[in-house]
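The values are calculated or read from the model by the stated rules, or taken from the named source; none is laboratory data. Predicted model only: the values in this text are computed from it and were never measured. Counting neighbours? That spans all protein chains shown, and the Cβs are built from the backbone with ideal geometry, glycine included. Just the protein is used for accessible areas: all its heavy atoms, side chains included, with ligands, DNA and RNA removed. Shrake-Rupley method; radii C 1.70, N 1.55, O 1.52, S 1.80 Å.
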Amino acid sequence: MSNSPIPAAPPDSSENFYLSALPRIRNFMLVLALVCTLAAWVLFGLRAGAGFLVGSVISYLNFHWLKSGVSGLADRVTNSGKPQSGKGIVARFLLRYGLLGVAAYAILTSFPASLRGLFAGLFLPVGAIACEAVYELYAALSRRI
């Protein structure tokens, strides 16, 4: 007999819960990008909002490509699944930083005021991961996952 009044979740449900963390983080990123872009536009003007939007898009792409790169490297190391070329993985890795540099240069030369918005948008994954952490804490406390 257990001392806890609330039964613990079955092991397979907690595994499924944590396996769905990446899709939830992506969803949090999309919602935060929309909400924060509108907030930056209202509070700081159109250029800051546009800079934040560009930073958010770069950040979202970076997150997606990083996930793909890590999965590709893991598949390559374990030789499981569809093999990916090492050159492709490295090219995507370098493309992320090239894209960031081009966007920062374009914004800096054309609209210097929106550079702060761009840099703020690059922190989008941090906010999404913080939202996921709060959600997981809530789920752990309420459902005992």
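Annotations for the structure displayed:
- Accessible surface of residue 89 - all protein chains present, 1.4 Å probe, nearest 10 Å²: 20 Å²
- Heavy-atom accessible area ranking, 1.4 Å probe, most first, across 59, 20: 20, 59
- Modelled this way, with points 7 Å down the Cα-to-C-beta line, the labels at residue 64 and residue 30 are 1.0 nm from one another.
- Ellipsoid semi-axes in whole angstrom, largest first, where each is sqrt(5λ) of the Cα gyration tensor of the stretch 100-145: 37, 8, 4
- Given R0 = 35 Å, the distance between the Cβ atoms of residue 110 and residue 133 translates into a calculated FRET efficiency of 0.45.
- Dimensions of the stretch 37-78 from C-alpha coordinates, computed as largest minus smallest value along each principal axis and given longest first, are 49, 12, 7 Å.
- Estimated translational D of the stretch 21-145 in µm²/s (Stokes, Kirkwood radius over Cα pairs; 20 °C; 1.002 mPa s): 134 µm²/s
- Contour excess over end-to-end distance, with Cα ends at residue 95 and residue 17 and 0.36 nm allotted per residue: 24.9 nm
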